[in-house]
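Report on the following structure.
The values are calculated or read from the model by the stated rules, or taken from the named source; none is laboratory data. If you're wondering where the values come from, they're calculated on a predicted model, not measured in any experiment. Glycine gets a Cβ as well: all are built from the backbone with ideal geometry, and neighbour counts include every protein chain shown. Protein only, heavy atoms only, side chains kept; ligands, DNA and RNA dropped before computing areas. Shrake-Rupley method; radii C 1.70, N 1.55, O 1.52, S 1.80 Å.
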Amino acid sequence: MDGDYGLARDLSDLQQLRTLYKPQLPPCLQGTTVRVEFGDATIAADPSGAHTIKRSFPHTYGQRLAHFLRATAKVPDAQFITDHPAVRVGVVFCGRQSPGGHNVIWGLFDSLKVHNPKSVLLGFFGGSEGLFAKKTLEISGEILATYKNQGGYDLLGRTKDQIRTTEQVNAALNACTTLKLDALVIIGGVTSNTDAARLAEIFAERKCLTKVVGIPVTLNGDLKNHFVETNVGFDTICKVNSQLISNVCTDALSAEKYYYFIRLMGRKASQVALECTLQSHPNMVILAEEVDASKLTLFDITKKLCDAVQARAEQDKYHGVVLLPEGLIESIPEVYALLQEIHGLLRKGVSADNISGQLSPWASALFEFLPPFIRNQLLLHPESDDSAQLSQIETEKLLAHLVEIEMNKRQEEGTYKGKKFNAICHFFGYQARGSLPSKFDCDYAYVLGHIGYHIIAAGLNGYMATVNNLKNPVNKWRCGAAPITAMMTVRRYGNNPSILGQPALRPATVDLKGKAYDLLRQNATKFLMDDIYRNPGPLQFEGAGADARPVILCIEDQDYMGRIKELQEYLEKVRSIVKPGCSQDIVKAALSAMAAVTEILSVMASPSTS
């Protein structure tokens, strides 16, 4: 199997053309000097969990923000790193394959070689298991030649996403020590970057010289926080899926006799479903976050869908397109509780064939109510994070089945007088994640790879590469790095809030108070009734649509790092104005204003408010 990794690809004409595209770099990453400015020490986003995070990460909590600057920047406290000794860096794919992942490696390789041609980049075969086994491939320009701007993870491959157990951590430590790595770059999502933070802490504790760097790459788009605006791969996934959805919408409008139920990837967050809805305008989307917030039951969701079908039938419309996120099934309260019982029995060693007889009465009743194909899928062993195998549970078929039963019942009772309900179901999962990456993802991934080297050159450990101001052209992007611990939260368990979980990065779910969701709600009725389907077309690498950004990214004003920097500039201005010798009036005005601001911020930042 190892022999398949790193082999030259047999490329189509389009693929060959894509290998020639050279991603752009922001001015702050150009040249052979690393210019870094350190901001203030970071704190936990949730003050109530700060103590727990600090206790768990004593060596890597509270580190300072890092901003990488252009050559002409006039910042007195900036460090200019001009000496770049040869370094040995390892890189590993730890998350599920996401378009653009190869460009992270390309950007990291180019930055290493630009600053010192003698530096070495080692890729680990087969993800974290390859890391544990010390299976490496030395990355070269020749090897990268047919992987530039290409999809997939087949340059190195991947296996499990986990570096968590004592045995796994020790194996990673042994590999980094044996291979004399100066740094280990982990490419992945929420779980992988949580593991990266823990690895960085343990390496620091054990005086291991290897620095650990995280890169935010996940198709789910759920590694979002103050510092990370979006993830590599999300733009491509949404564009490819939106074209497929739009094609189906056009087909539905043409035949006028089918309802298409389409399930999309995204794990526990509905970011992909929301973005694809805003791009393609299907008739309905049911977000997992809505279901969770309103505690909608399976009956509630079925009724909502049937009422929509009936309302459209009254306008003589017997077709439609409905989007569903794969995490929806776990957001339905009674189904989630059933899954918890099933997983508990599986962990005790009860075989799938015997589980139905050991369920509680209510769970057994629900289990028997569900169609046989769903029962079998719910009995699958859970993932490593104890969640269900969401990609294998056909929620779209379940809901289409229940809607058909209810519509037939309404027809028999005479409350529905329209045509027979017909459904066609799809799961758009693997069709998009191996796609050629979009121009945006090519640029974004390549830039993050370069930042990875800048983090290493600055001697930082336990940091994630970040880019802000992404909705603007590349030359206006702000590049930096933030401690992963500053992105962590601590989960409190509902039945006993005093019991705390382990600090971790959590998937960023759709913000039901955010601008993107508000835009959806404003247009929900038009989407449902007016068939205003929109087709963004296939991926464009030049011309119209080539530079389009995700809708969510453009309407959410997320430039957190920029605001922090702007605030620091205002504070400096205050210091420059309020100096010993200035007038009493200036001092009084400054004291009054600062006292008021401090009081407001103290209330907002208190644990009880959070």
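Heavy-atom accessible area, probed at 1.4 angstrom with all protein chains present, ranks TYR258, TYR336 as TYR336, TYR258, highest first.
Near the amide H of GLY157, within less than 5 Å, lie the amide hydrogens of GLY126, all on another chain or at least 5 residues away, with H placed in the peptide plane.
Here the dipole of segment 342-406 is about 280 debye; that uses its Cα centre as origin and unit charges on the Cβ of Lys and Arg (positive) and Asp and Glu (negative).
Lysine pair count for segment 360-454 with Cα-Cα distance under 27 Å and sequence separation of 8 or more or different chains is 7.
State which entries of LYS239/LYS526; LYS54/LYS224; LYS22/LYS180; LYS160/LYS180 exceed 27 angstrom in Cα-Cα distance in the structure shown. Could you put the intermediate results ahead of the total?
Details: LYS239/LYS526 22 Å; LYS54/LYS224 21 Å; LYS22/LYS180 31 Å; LYS160/LYS180 24 Å.
From LYS239/LYS526; LYS54/LYS224; LYS22/LYS180; LYS160/LYS180, over 27 Å: LYS22/LYS180.
Each of LEU14 and GLU205 was given a label point 7 Å from its Cα along the Cα-to-Cβ line. The distance between the two points is 4.9 nm. Per-residue ellipticity at 222 nm from helix content only, as computed over the chain with -39500 (n - 2.57) for each DSSP H run of at least four residues, stands at -13500 deg cm²/dmol.
Using the Cα centre as the reference, give the magnitude of the dipole from point charges on the C-beta atoms of the chain (Lys, Arg: +1; Asp, Glu: -1; all else neutral), rounded to the nearest 20 debye. Display every interim value, and only then the final one.
Working: 64 positive and 64 negative charges, 249 e Å.
In debye, rounded to 20, the chain gives about 1200.
If I take R0 = 35 Å and measure r between the Cβ atoms of ASP530 and ILE405 in this structure, what FRET efficiency does the formula 1/(1 + (r/R0)^6) give, to the nearest 0.05? Efficiency at R0 = 35 Å is approximately 0.80. Dipole magnitude for segment 292-388: computed about the Cα centre from +1 point charges on Lys and Arg Cβ and -1 point charges on Asp and Glu Cβ, it is near 160 debye.
Ranked by solvent-accessible area (1.4 Å probe, protein heavy atoms only, all chains present), the residues HIS226, HIS281, HIS67 order from largest to smallest as HIS226, HIS281, HIS67.
Among DSSP bridges having both ends in segment 1-139, what percentage is antiparallel? Round to the nearest 5.
Working: 10 of 14 bridges.
The answer is about 70 percent antiparallel.
Excluding ligands, DNA and RNA, the accessible surface per residue across segment 170-324 is 29 Å² with a 1.4 Å probe.
Placing pseudo-labels 7 Å out from each Cα toward the beta carbon at ILE586 and ALA544 gives an inter-label distance of 5.7 nm.
Residue separation of VAL578 and ASN475 scaled by 0.36 nm, minus their Cα-Cα distance, works out to 33.5 nm of gained length.
In terms of its C-alpha gyration tensor, the chain has a prolate overall shape, because the principal axis ratio a/c (a ≥ b ≥ c, square roots of the eigenvalues) is not below 1.5 and a/b outweighs b/c. Partners of LYS513 within straight-line reach, counting aspartates and glutamates whose Cα lies under 15 Å from its Cα and excluding those fewer than 8 residues away in the same chain: GLU289, GLU290, ASP292, GLU556, ASP557.
Can you give the FRET efficiency to the nearest 0.05 for LEU253 and LEU512, using r as the Cβ-Cβ distance and R₀ = 35 Å?
Working: r = 30 Å, r/R0 = 0.85.
The formula returns an efficiency of 0.70 here.
Remark: relative contact order (the chain) = 21 percent; criterion is Cα-Cα distance under 8 angstrom and separation of 6 or more residues. Of the beta bridges in the chain, as assigned by DSSP with both residues counted there, near 40 percent are antiparallel.
For the chain, which whole percent of the accessible surface, found with a 1.4 angstrom probe, sits on carbon and sulfur atoms?
Working: 14130 of 26530 Å².
The C+S portion of the solvent-accessible surface of the chain is 53 percent.
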